[in-house]
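A.B. asks: A single structure is presented below for examination.
Just so you know, all these numbers are worked out from the coordinates, no wet-lab data involved. As the structure is a computational prediction, the values presented were derived from the model and not from experiment. So basically every Cβ, Gly included, is an ideal-geometry build from the backbone, and we count neighbours across all protein chains shown.
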Amino acid sequence: MSWQARALTGLMRGTLKPASSVLLRHPLALAGVARLGEVARMVRVPQPPTVAIGQAAFNSCGGEWVRGGEEVDEGKVLLYFHGGGYFWCSPCTHRPITWRLSVAARRPVLALDYRQGPVHTLADSLADALEAYGCLLERGHAPGDVIFGGDSAGGHLTLAALLALRDRGLPLPAAAICLSPWADLTDFPRRANRWQDPLLPASRVRWLARRWTSGLDPNDPLVSPVLGDFTGLPPLMILTGSTEVLRDEARRVSERARLGGVPVWYEEWRRMPHVFPILADVLPEARLAFRHMAQFLGAVRARHTSKGDSAAA
């Protein structure tokens, strides 16, 4: 563990975690934090001058195109769903991830600004994700040229979108990357790492899950993807920190996927905080994680190439 990681996790433990414990206790506070998220959209996160940002629009939502340099394959795309507990953050806040993913994947990233709570529902967010994917296919992208990615709540949306597409008999993307996925919204107490996690209070994650599942069946795989059958899904990369309260959900997703015959690349990084790749500007471990993502995507490309050669033979 680098000295940067030790310092940053200590800072989180003393500031962000207590703040979350206080703020996420009442619907009005949730709405207030969501409004602050609107202000955060105006913040411009620094990125290298070689990174290009362009706006994207869909029927129900927007987004942005992120190109990490000039050497990207415009015939391919990575569709990214940002995290933030379904009420916070935006494509702008997650540019430290999306531009580096564009470099790792050697393709443009479409960061979707999907609808979120408390105004909108999980179903609205999922509808936006499926619509964006459908638009990419209508614009000429082959399913095999699309990759999904997401972190935290965006990891939940990634998994739910894959299950929904599979269940509807629609073509699936080539692969998916889930960073610290929030995959179980049932009402269970998270005891693992509740004291070790430097960022997320376990009780507040449970409270938020109750909010978003009100009136829904939390055991529905589109609500709690970890309970789904992963048969037929594309290769998955799942990355988490060893001391996260969501670590066990990442492990369970990996296990469920392997039971369904899905190739899984699972990485558990020692003592890393929730969605640590977003901290790549300061954490050497986070920068290394993107090299691992590039290796995973290279393995996916090789797998598709070998399948194509076999089909041709």
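A.B. asks: If we count every other residue with Cβ under 14 angstrom of P171's Cβ, Lys/Arg +1 and Asp/Glu -1, where does the sum land?
C.D. replies: -1
A.B. asks: Here is a follow-up. To the nearest 20 debye, what charge dipole does the chain have about its Cα centre, counting +1 at the Cβ of each Lys and Arg and -1 at the Cβ of each Asp and Glu?
C.D. replies: For this selection, approximately 920 debye.
A.B. asks: Still on this model: With the dipole of the chain worked out from charges on the C-beta (+1 for Lys and Arg, -1 for Asp and Glu) around the Cα centre, which of P263, G32, L297 lies farthest toward the positive end?
C.D. replies: The listed residue farthest towards the positive side: G32.
A.B. asks: Compare A127, A250, A160 in a GNM of the chain, Cα atoms joined below 10 Å, and give the one with the largest fluctuation.
C.D. replies: Per the Cα network of the chain with a 10 Å cutoff, A127 tops the list.
A.B. asks: Something else about it: Quick check on region 1-153: take the gyration tensor over C-alpha atoms, sort the square-rooted eigenvalues as a ≥ b ≥ c, and tell me if it's rounded (a/c under 1.5), prolate or oblate.
C.D. replies: Since a/c reaches 1.5 but b/c is at least a/b, the shape of region 1-153 is classed as oblate.
A.B. asks: Need the full-extension length gain, E267 to F58, defined as separation in residues times 0.36 nm minus the C-alpha distance. One decimal, nm.
C.D. replies: Gain in length upon complete extension: 71.9 nm.
A.B. asks: Sticking with this one: How much of the DSSP beta bridge set in the chain is antiparallel, as a percent to the nearest 5?
C.D. replies: Roughly 35 percent of the DSSP beta bridges within the chain come out antiparallel.
A.B. asks: Ranked from highest to lowest mean number of other Cβ atoms within 10 Å per residue, what is the order of the peptides 136-143, 98-105, 194-201?
C.D. replies: The densest-packed peptide leads the list: 98-105, 194-201, 136-143.
A.B. asks: Given axes a ≥ b ≥ c from the Cα gyration tensor, I'd like to know whether the chain is rounded (a/c under 1.5), prolate (a/b larger than b/c) or oblate.
C.D. replies: Rounded is the answer for the chain, as its axis ratio a/c remains below 1.5.
A.B. asks: Sum -39500 (n - 2.57) across every DSSP H segment of at least 4 residues in the chain, then divide by the residue count to get the 222 nm mean residue ellipticity, nearest 500.
C.D. replies: -13500 deg cm²/dmol
A.B. asks: Something else now. Relative contact order for the chain using alpha-carbon pairs under 8 Å, separation at least 6, rounded to a whole percent?
C.D. replies: Over the chain, the number comes to 17 percent.
A.B. asks: Let me ask you something else. In whole angstrom, note down how far apart the Cα centers of region 65-91 and region 199-251 are.
C.D. replies: Each part's Cα centre sits 21 Å from the other's.
A.B. asks: Which listed residue (G14, P181, H82) has the Cα farthest towards the positive end of the charge dipole for the chain, taking +1 on Lys and Arg C-beta and -1 on Asp and Glu C-beta about the Cα centre?
C.D. replies: G14
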